[in-house]
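The values are calculated or read from the model by the stated rules, or taken from the named source; none is laboratory data. Quick caveat, the model's predicted, so the values are computed rather than measured. Reconstructed Cβ throughout: ideal geometry from the backbone, glycine too, with neighbour counts over all protein chains shown. Just the protein is used for accessible areas: all its heavy atoms, side chains included, with ligands, DNA and RNA removed. Shrake-Rupley method; radii C 1.70, N 1.55, O 1.52, S 1.80 Å.
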Amino acid sequence: MKEKVLITGASGLLAKKLGKKLAHNGYHINYLTTSKKNISNNTFYWDYSKNHIDTEALNNVNHIVHLAGFNINNNWSAKNKKLMLDSRVQTSNLIFDKCKELNIRPQTFISASAMGYYGFNQFGIKTENSEPGNDWMAKLCIKWERAADKFKTIGARIIKLRLSLVLDNNAEILLKSCISFKFGFGVVFGNGRHPFPWIHIGDVIKFIHFGMTEKKLSGVFNLTSPQNISHYDFIKAIQKTKYKNAKIIYAPRLIISLLFPKKKVLLFNEFVLSSKKATNNKYQWLYPNIEDALNDLFNL
């Protein structure tokens, strides 16, 4: 009998690609969606604000991959920050409560988290044992991860993924970085020396599958490439792989700060994510360096 996987965040790019890959590997996939028009034989409706979930989605589930969440790229208004928090934490709580109520005991609960756990304006190398930050995004990530930990009480193995910038050919960071290249130049923010933690979406998907199959794997993992690069290195790699005749220019930090008065703390964070825990657990990277990743994403 096929193992059943429930994936939340059905409309998201990662959820769609993960589901397709796992189905190809012989799993039965269920999705949870907030859109009634997307309901199908394996896609079920839920609404955390009404404490509603179609419990058919949970029947006989072996693994839950929780990827739902209001996009962090949206405006950081007070209203949106609450949506960002509730769409991650309350949804996790809803799944847990229904599993407990129905005596459903998934083997594995894999939850997205983010490198935002370590906070804004940070420096140095961050391992999974590093202290969290104290800003709103760090506090969101702490609550997000604590909600995942509840599944231990019903016997699930917990894996929490502190994601770096996920690169895909439809990812905002890559699309926006390529806009200026189409006009003949690539833009580096500030001096470009600040770290650029990244991971290819293929490695996120592979690691989630790895986490489902490696029964001894548990806890928090920084999901980031083993190659530590700067923002300049990222822009230079785009130039080298696809826009060889383009020029590199620098946008002064002051201009970036004026354009992104709040989100500049993401663009200019100074910490490096350590990937050693994943590597030490014998994870084999598909795309360990940025040029290989971009060659794949640009279909070169």
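Data for the structure
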| item | result |
| --- | --- |
| Gained length - Asn169 relative to Asn41, 0.36 nm times residue gap less alpha-carbon distance | 43.2 nm |
| Per residue value of the accessible surface for segment 86-202 (all protein chains in place, 1.4 Å probe), Å² | 42 |
| Cα lying deepest toward the dipole's positive end in segment 134-243, options Val166, Phe221, His231, charges on Cβ | Phe221 |
| Estimated FRET transfer efficiency (Asn280, Asn25; beta-carbon r; R0 25 Å; 0.05) | 0.55 |
| Set of lysines near Lys20 by C-alpha distance (under 17 Å), chain-local residues within fewer than 8 positions excluded | Lys2, Lys4, Lys206 |
| GNM flexibility winner over the chain from Asn62, Asn169, Asn281 (Cα, springs under 10 Å) | Asn281 |
| Alpha-carbon centroids, segment 172-214 and segment 1-42: separation in whole Å | 24 |
| Added length on full extension, which subtracts the Cα-Cα distance from 0.36 nm per residue, Asn299 to Ser230 | 22.5 nm |
| Inter-label distance, nm, simple model (7 Å from Cα along the C-beta direction), Arg146/Lys182 | 4.4 |
| Mean Cα-pair separation over length for segment 87-164, i.e. relative contact order, pairs under 8 Å, 6 or more apart, % | 45 |
| Estimated inter-spin distance, Leu258 and Asn60, nm [label 7 Å along Cα→Cβ] | 6.2 |
| Hits among aspartates and glutamates - C-alpha to C-alpha of Lys182 under 13 Å, sequence gap 8 or more where chains match | none |
| 21 Å Cα-Cα threshold exceeded, pairs from Lys82/Lys139; Lys17/Lys82; Lys17/Lys160; Lys143/Lys282 | Lys17/Lys82; Lys143/Lys282 |
| Per-residue HN-Hα couplings for segment 229-242 [Karplus 6.51, -1.76, 1.60; θ = phi - 60°; Hz; x = Gly/Pro] | 10, 9, 4, 4, 4, 5, 5, 5, 5, 4, 4, 5, 7, 10 |
| Residue-averaged [θ]222 nm for the chain, counting only DSSP H segments that reach four residues, each worth -39500 (n - 2.57) | -10500 deg cm²/dmol |
| Cβ-Cβ FRET estimate between Ile249 and Glu291, R0 fixed at 30 Å, reported to 0.05 | 0.90 |
| The chain, accessible surface, carbon-and-sulfur percent (1.4 angstrom probe) | 52 |
